[in-house]
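Single-structure report; data block below.
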Amino acid sequence: MHQLVAASPVSNDRTSPERPGVSGAAEAEPSGKHGAVQSGSWRRNSGKQIPYCSHANVVEEHWTMTDAPADIPYSVLGLNHLAVAVPDLEAASEKYRTVFGASVSNPKPQPEHGVTVVFVKLPGLTIELLHPLGDASPIAKFLQKNPRGGLHHVCLTVDNINHAAQHLKESDVNLLGDGKPKIGAHGDPVVFLNPKDTNGVLVELEEASGEMHNFTHEKW
Ligand SMILES: C[C@@H](C(=O)O)C(=O)SCCNC(=O)CCNC(=O)[C@H](O)C(C)(C)COP(=O)(O)OP(=O)(O)OC[C@H]1O[C@@H](n2cnc3c(N)ncnc32)[C@H](O)[C@@H]1OP(=O)(O)O
């Protein structure tokens, strides 16, 4: 079981320094199996500090948690990105930029994956906008079924993609395609899991590198 966090009463003021994990300065939460979980703040272009909270303390205070088995040979390090398939990349980019205040990259074709990608950066979250590229795009049918677009997949960062793939195989979770990692849009190895084996959600795993989440306009 997790060690419960000795938290002070939770304040409704999201910027209160008394609220665990959401004060202005970065704090380390208690170490778990996978090491210290970082929480802290995210600085926007405006220079304004926005508190960022994983809700971990709140969950640990109010819910009973059961730890993962100790022998899992790899670790999920966090959410890498959410991917949204869209019928019009330019219109969707503009919506995220002007409605949600996100920074957006220029579109970049990924011929190996049959998609064109725009990265959308928000505090604590990267969204990948996807549009079909070429005749055999793996997202073509999805867009036919969802002409206004839709949440296409969830990508998790892992520390070792080969160990992850082996563990999934032993857990009867099948990888799509030939099962071999391809290089994804960030330049890191990725695999996709069959949504039939993951409660109907298409999950991508990406092996972490130093570049994770650090996309810049120069690179794109
Ligand atoms: C650049 C890179 C990166 O991040 O670095 C990317 O994002 S590449 C992003 C694009 N690449 C990929 O998505 C690669 C992995 N995806 C694939 O191989 C394919 O899209 C499949 C997931 C196998 C679906 O293939 P396809 O659309 O041809 O088949 P289909 O329409 O007959 O669907 C087969 C079954 O999968 C379900 N299905 C289809 N797309 C789904 C999705 N996004 N999420 C959950 N389920 C999905 C359908 O409902 C159907 O279920 P029922 O059988 O129950 O009716």
Add +1 for every Lys or Arg and -1 for every Asp or Glu among the other residues with Cβ under 12 Å from the Cβ of Pro138, and state the total.
-1
At 1.4 Å probe radius, can you tell me the per residue accessible area of segment 113-193 in Å²?
51 Å²
Where labels lie 7 Å past Cα in the beta-carbon direction, separation of Asn162 and Met65 in nm
3.1 nm
If you place +1 on the Cβ of every Lys and Arg and -1 on the Cβ of every Asp and Glu, how big does the dipole about the Cα centre of segment 83-152 come out, in debye to the nearest 20?
200 debye
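The values are calculated or read from the model by the stated rules, or taken from the named source; none is laboratory data. Since we're looking at a predicted model, the values are computed, not measured. Note that we place each Cβ from the backbone using ideal geometry, even for glycine, and neighbour counts take in every protein chain shown. With ligands, DNA and RNA removed, areas are computed over all heavy atoms of the protein, side chains included. Shrake-Rupley method; radii C 1.70, N 1.55, O 1.52, S 1.80 Å.
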